[in-house]
Amino acid sequence: MDYLQQGLERFKQEHGSEAPPQRRQAGAARPVPPPIVYTSTKTVELTDETMRTQRLITGFEGGAFVDAFKMLRTQVVKQCRQNGWNVLGVTSPTPHEGKTLTAVNLSLALAMDLAHTVLLVDADMHRPAVHQTFGMDSCPGLTEHLFDEVPLEQLLIHPGIGRFVFLPGGRVIANSAEALASPKMAVLVEELKHRYPARLLVFDLPPLLSRADVLGFVPHIDALLLVVEEGRTASTDVKRAMGLLKGSVPVLGGILNKSGRAALTQRRAKDLLMTSSR
């Protein structure tokens, strides 16, 4: 039995403590992953005050804000299961429309579903901000993995919340569009996509209209969510964004941020063309 224990220890050292993928027969029920104890992944404990200050849904017991993300989770999971998807992108037409906080809270809501684990990747390497939503200072991440060959296992962070880990963006770089479209990034996405069948990947992407990053990256994702802010995003910007995405990737819908008391509403993308205005 010693060789079995040694093999298990080697697997933990190389891949963290997540269970290895298991084969599943067609039509069989989706297995519920066992509880995860993160041993090699860096863990950061968040206080309730930090979560509430940063407007993370895990800091609130309920309310319209939390319910909105749970409803969004239900719709996203349904589409993913029907289409066999597990890689989602979140973007917005222009900066400061709430895409990062939406990506974070959607990921946390997805991680509350015990049927899968969630990995959030900060792919906005020109303006990384995911780490800030967890009250953290700058830290190495995706940039260091792609350019400095830092092992992924040394960069992932578990903020002490359920089955959720995230990969920070790392240091800011000017050539982010080229980095996202690079062969090394393609290899990373494929490896993350297929390593664990019960994992969902969420990529926080740069704003669509301000940089070329998203258009070069969409071949690697299964579907996209577009975040706009009521009273801020122009309908012309939504139309331009939808025009750029047409035929390149399925758009699950539009997230209308700060819409009424719920602060978040999911609508069909074409509806946003009529409702979004300055």
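The values are calculated or read from the model by the stated rules, or taken from the named source; none is laboratory data. Note that this is a predicted model, so its numbers are computed, not measured. Glycine also receives a Cβ, built like all others from the backbone with ideal geometry; neighbour counts cover every protein chain displayed.
Quick notes
- Taken over the stretch 202-217, the residue count meeting the criterion of being buried (at least 19 other Cβ atoms within 10 Å of the Cβ) and in a helix (DSSP H, G or I) is 3.
- Helices (runs of 4 or more DSSP H) wholly inside the stretch 122-190 that include at least 2 residues being acidic (D, E): 142-148
- Take the conditions (1) at pLDDT below 95; (2) closer than 21 Å to L245 by Cβ; G162 misses just one of them, which is (2).
- Residue match in the stretch 76-83 (condition: of a type in the set (D, E, K, R), touching a helix residue (DSSP H, G or I) at 6+ places or on another chain (Cβ under 6 Å) and modelled with pLDDT of 90 or more): no
- Test: R240 is over 15 Å from the mean Cα position of the chain (by Cα), among the basic types (K, R) and closer than 18 Å to F147 by Cα: no
- Considering residues of the stretch 170-201 that are of a type in the set (G, A, S) and at negative phi only, the residue surrounded by the most Cβ atoms within 10 Å (Cβ to Cβ): S176
- Those residues of the stretch 219-262 which are polar (S, T, N, Q) and assigned to a strand (DSSP E or B), in sequence order: N257
- Per the conditions (1) over 11 Å from D204 (Cα atoms); (2) assigned to a strand (DSSP E or B); (3) among the small types (G, A, S), the sole criterion not satisfied by A115 is (2).
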